[in-house]
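Taking it in order: structure first as structure tokens, then the write-up.
The values are calculated or read from the model by the stated rules, or taken from the named source; none is laboratory data. What you are looking at is a predicted structure, and each value in this text was computed from that prediction instead of being measured. So basically every Cβ, Gly included, is an ideal-geometry build from the backbone, and we count neighbours across all protein chains shown. Surface areas here come from the heavy atoms of the whole protein model, side chains and all, with no ligands, DNA or RNA. Shrake-Rupley method; radii C 1.70, N 1.55, O 1.52, S 1.80 Å.
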There are 4 protein chains.
Amino acid sequence: MDYIYKLKLEVRDYECDIEGIVNNSIYLSYLEHAREKFLKSLGYNFFELTKNNIYLVATKIEIEYKKSLMSSDEFFVGLNIKKLSPIRMEFLQDIFINDKIYTSAKIIVAITDKNSKPIKNRDFLNGLFSKIEKKS
Amino acid sequence: MDYIYKLKLEVRDYECDIEGIVNNSIYLSYLEHAREKFLKSLGYNFFELTKNNIYLVATKIEIEYKKSLMSSDEFFVGLNIKKLSPIRMEFLQDIFINDKIYTSAKIIVAITDKNSKPIKNRDFLNGLFSKIEKKS
Amino acid sequence: MDYIYKLKLEVRDYECDIEGIVNNSIYLSYLEHAREKFLKSLGYNFFELTKNNIYLVATKIEIEYKKSLMSSDEFFVGLNIKKLSPIRMEFLQDIFINDKIYTSAKIIVAITDKNSKPIKNRDFLNGLFSKIEKKS
Amino acid sequence: MDYIYKLKLEVRDYECDIEGIVNNSIYLSYLEHAREKFLKSLGYNFFELTKNNIYLVATKIEIEYKKSLMSSDEFFVGLNIKKLSPIRMEFLQDIFINDKIYTSAKIIVAITDKNSKPIKNRDFLNGLFSKIEKKS
């Protein structure tokens with residue numbers, strides 16, 4: 001599959017649980033980190049954005065665990081994104097090793113203000129998606 | 001809403017992120033802990049189960065974040081469960097404060113062996129669900 | 001041993017690592033949570049304090065792991081505190097089960113401003129320690 | 001300062017707390033990950049070792065927090081090691097950015113068996129330290 005952004009990561013021992021596999025919640029951290037790095041690759045920084053009262057908040061996550069990551073596995077997070085509305089984006093993210101999909105996820109992210117109120121922000125979204133088009 | 005099991009928890013400061021709210025991945029930990037306590041209330045222990053080659057593995061999670069938990073919030077995790085097949089169960093779990101739903105999740109859990117192979121285990125499932133019926 | 005504050009906690013499965021024991025870093029979270037709850041019992045809230053530009057920052061931690069906590073263990077965190085200077089306090093914290101010490105720690109906490117500069121704050125410290133004396 | 005092993009890492013947003021800085025407990029994870037990668041660079045794997053009933057367990061940690069890591073910081077973990085006894089090693093680990101030390105730690109690691117009993121294991125230790133000598 002094609003992705004507009006890929007990040008290579010590695011399982012750290014402390015991320016594995018009693019069963020020797022990566023704990024379910026850790027995958028969300030991997031996906032979040034990939035979104036953070038993707039936005040950074042376009043010049044955006046979560047922390048800086050909050051200073052402009054732009055908060056990017058996951059409102060819905062669907063994640064399928066197909067195969068378990070284990071201690072020391074090296075893997076990729078692949079990412080695609082589309083605009084859903086002037087408020088919402090959808091990230092499609094896969095975790096894979098050599099074309100074998102381990103985890104597949106769909107994350108809806110909304111733009112909100114400091115008080116978690118969803119905010120239409122066409123400027124931000126248009127800026128973001130024009131950068132994405134230039135990149136791909 | 002009615003739940004067959006409820007667990008009271010409290011947000012710990014170290015679970016909050018830069019935005020002062022609980023990080024998305026932590027909710028999965030709350031939900032997992034509630035499932036663990038629920039099974040324990042019926043006499044099951046994740047760790048003991050693995051010694052009998054019974055692994056309970058989340059294969060799919062859908063989670064909606066409606067309202068953010070913040071530092072020091074006290075909240076409940078409510079839980080319901082249904083059998084989907086001789087291999088799979090579905091947990092319906094809400095996080096709420098005073099009837100206000102903060103998070104709503106559906107978790108598919110499969111029975112597998114040590115090598116993550118899904119295993120029909122009618123004995124285990126029937127035992128589990130007959131205990132649940134007695135309880136409710 | 002006598003403590004001015006004790007907190008009961010329980011090991012959650014997701015806090016255990018491959019070896020089936022609680023990961024070293026998690027103990028720091030337990031200790032931090034106990035300090036947070038202790039201060040809250042005296043009317044202080046970390047998050048509120050930061051709004052008054054009072055940051056409580058651990059500058060040194062010594063921790064001895066004597067015995068490992070395991071899945072489902074119920075344990076206590078006991079806490080004592082003393083003033084070291086107009087800037088620094090020392091927390092003595094033990095984790096124990098039935099008088100058996102599992103972990104013993106000494107944490108130096110400094111008062112700083114937002115920019116991590118240590119700040120003498122006699123008002124805050126005197127207020128804190130007079131509340132502690134009244135309590136004990 | 002000279003180290004026999006250095007690892008480059010980067011702060012992930014989800015590792016930062018309400019105050020925008022890396023939570024104290026996360027530093028222990030960075031240090032643990034560096035020890036894991038160091039041992040792996042010599043051909044050892046924590047998980048494989050446990051199958052031979054060799055457990056490497058931190059028994060004491062002293063850590064000084066001099067300067068806080070923040071969102072997106074890229075940093076190094078430097079590591080040195082010495083033998084203390086046929087059972088114990090000492091790791092000296094620093095976290096630094098451009099020669100500025102952020103965190104300095106001393107970790108005592110013991111060799112134990114599955115039941116946490118300390119075990120003299122001269123073969124393992126001699127093997128380890130002869131590999132270290134060849135490397136440096």
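Protection proxy ranking for D:63-75, C:1-13, using the average of other Cβ atoms within 10 Å per residue and placing the highest first: D:63-75, C:1-13. Treat chain A as a sphere of radius equal to its Kirkwood radius over Cα pairs and apply Stokes-Einstein at 25 °C in a medium of 0.890 mPa s; give the translational diffusion coefficient in µm²/s, rounded to a whole number. Roughly 156 µm²/s, to the nearest whole number. Sorted from shortest to longest, the distances between the residue C:74 label points of this copy and the other copies are 1.8, 4.7, 5.0 nm, with each point 7 Å from Cα along the line through the beta carbon.
Between region D:65-136 and region C:1-40, what is the C-alpha centre distance in whole Å? Taking the Cα centre of each part, region D:65-136 and region C:1-40 sit 24 Å apart. Across peptide A:57-67, the average count of Cβ atoms from other chains found within 10 Å of a residue's Cβ is 6. With all protein chains kept in place, the per residue accessible area of region D:69-120 amounts to 46 square angstrom at a probe of 1.4 angstrom. Across the accessible surface of chain A, with the other protein chains kept in place and a 1.4 Å probe, carbon and sulfur atoms take up 46 percent.
How tilted is helix D:122-135 with respect to the longest principal axis of chain D? Cα atoms for both, answer in degrees (0 to 90, nearest 10). Between helix and principal axis, roughly 50 degrees.
Sorting C:35-42, A:83-90 by their mean Cβ neighbour count within 10 Å, with the most densely packed peptide first, gives C:35-42, A:83-90.
For region A:16-31, 3J(HN,Hα) computed residue by residue from phi via the Karplus equation (6.51, -1.76, 1.60; θ = phi - 60°) reads 8, 10, 3, 7, x, 10, 5, 5, 3, 5, 5, 4, 4, 5, 4, 5 Hz, glycine and proline entered as x. Net charge in the neighbourhood of residue B:120 (other residues with Cβ under 13 Å of its Cβ; Lys, Arg +1, Asp, Glu -1) is +2. Inter-copy label distances at residue A:98, shortest first and taken from points set 7 Å along Cα to Cβ: 4.2, 5.0, 5.6 nm. Less than 5 angstrom separates the built amide H of residue A:5 from those of A:79, all sequence-distant by 5 or more or on a different chain. Here residue C:66 is the anchor, and the aspartates and glutamates within straight C-alpha reach of less than 17 Å, apart from those fewer than 8 places off in the same chain, are C:19, C:74, C:94, C:99, D:62, D:90, D:113. In the context of the full protein assembly, residue C:33 retains an accessible surface of approximately 10 Å², using a probe radius of 1.4 Å and ignoring ligands and nucleic acids.
Between copies, the label points at residue D:135 (set 7 angstrom from Cα along Cα-to-Cβ) are spaced 3.5, 4.6, 4.8 nm, reported in nanometres from shortest to longest. For the pairing of chain C with chain D, what total accessible surface becomes buried, with a 1.4 angstrom probe, in square angstrom to the nearest 100? Looking at C and D, the buried total is near 2000 Å².
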